[in-house]
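Okay, so here's the structure we're looking at.
The values are calculated or read from the model by the stated rules, or taken from the named source; none is laboratory data. Small disclaimer: the values here were computed from a predicted structure and weren't measured. Counting neighbours? That spans all protein chains shown, and the Cβs are built from the backbone with ideal geometry, glycine included. Heads up: the accessible areas ignore ligands, DNA and RNA and are worked out on the full protein's heavy atoms, side chains in. Shrake-Rupley method; radii C 1.70, N 1.55, O 1.52, S 1.80 Å.
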Amino acid sequence: MLRDLFLSMDDRVKVWMAVSAGGAAIYCVDLPVQAAILGICLMLCFFCGAARFVGGFIIGVFVLAVVFALFDCLSPHEKKTPGWGLFFILLKFGPMLVMMVFIQASLNTSRFLRSLESMGLPSRWVIPLGVCLRFMPSVVTEGRQIRYAMRIRGLGPEPTYLIRRPLKTIGYMLVPLLVRSLSIAEELARAAVARGIERPGAKTSLYDLGLSLTDVMFLIAWTMAIAGLLIADHLTYAGMAGVP
């Protein structure tokens, strides 16, 4: 049910959620507030269908915490491992990464681009953005297929093979990827022309581009939650600094 809600939500609301969450995490200095933002973003990813990414993220953080704790226990007290600073980086920039996954899992590219056009944004901004949104997932998929083909031929990019023959391994990956990227660019260009990208004037759309009542309510609730976290961070920082 929640996944259907996120998939049907206006894409401009989802982009605002990603931008506001990433900006708030970078702006905040209180660690509990940053952890709360990261937890909210992980919950959104989980309900949107990216449960595997969320599980891998949590397991990775847990493994790092165990490793750093063991280093601290085995090292002298005056020499603590600097690895705990990695968690500060995760709290700062983790929400941005998690929300990128959320956007990728729930964004309807065609509907998003039509929404931007309906807002009056110029085509020189919308078209490059649309090319990037459609090109990058295709390149990732092609890279995965190339890796599978290399494994079938006994040339899988395992760490040992990469260490023994780094240039050859990179060449096996890079050359097919560049060739396929050119083919993908040609296909995108033909698809854009077939859909009337060169036609001047306003274009029609199959999607309803207006904000629904659910979108407006969710947008207001999300904005108020982010504002509340920012206020809590400000009050905590002011209390720590002794500012009245």
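Residue 40: among the β-branched types (Val, Ile, Thr), closer than 27 Å to residue 211 by Cβ, open to solvent by 30 Å² or more (accessible area, probe 1.4 Å) and at pLDDT 80 or above, yes or no? Yes. Look at (1) surrounded by 13 or more Cβ atoms within 10 Å (Cβ to Cβ); (2) at pLDDT below 75; (3) farther than 21 Å from residue 103 by Cα and you find that residue 195 fails only one, number (1).
Listed by position, the helices (runs of 4 or more DSSP H) contained in the range 1-61 that have at least 1 residues being over 13 Å from the mean Cα position of the chain (by Cα) and hydroxyl-bearing (Ser, Thr, Tyr) are 2-8, 11-27. Condition first: closer than 19 Å to residue 112 by Cβ, assigned to a helix (DSSP H, G or I), open to solvent by 70 Å² or more (accessible area, probe 1.4 Å) and at pLDDT 70 or above. Can you find one or more residues in the range 198-214 that meet it? Yes; the residues of the range 198-214 include at least one that is closer than 19 Å to residue 112 by Cβ, assigned to a helix (DSSP H, G or I), open to solvent by 70 Å² or more (accessible area, probe 1.4 Å) and at pLDDT 70 or above.
Cβ-Cβ contacts under 6 Å between residues 6 or more apart (or on different chains), taken from a first residue in the range 130-153 that is in contact (Cβ under 8 Å) with a residue 40 or more places away in the chain to a second residue that is basic (Lys, Arg), are listed as 142/180. Can you confirm whether residue 94 is in a helix (DSSP H, G or I) and at pLDDT 75 or above? Yes. Restricting 226, 163 to residues that are open to solvent by 90 Å² or more (accessible area, probe 1.4 Å) and either part of a helix (DSSP H, G or I) or modelled with pLDDT of 70 or more (or both) narrows the list to 163.
Checked against the criterion of being polar (S, T, N, Q) and modelled with pLDDT of 75 or more, the range 118-129 contains not a single residue that satisfies it.
Out of 217, 240, 136, one residue alone is open to solvent by 70 Å² or more (accessible area, probe 1.4 Å), modelled with pLDDT under 70 and closer than 30 Å to residue 21 by Cα. It is 240. Picking from residues in the range 1-31 that are modelled with pLDDT of 85 or more and open to solvent by 50 Å² or more (accessible area, probe 1.4 Å), the one that is nearest to residue 212 (Cα to Cα) is 16.
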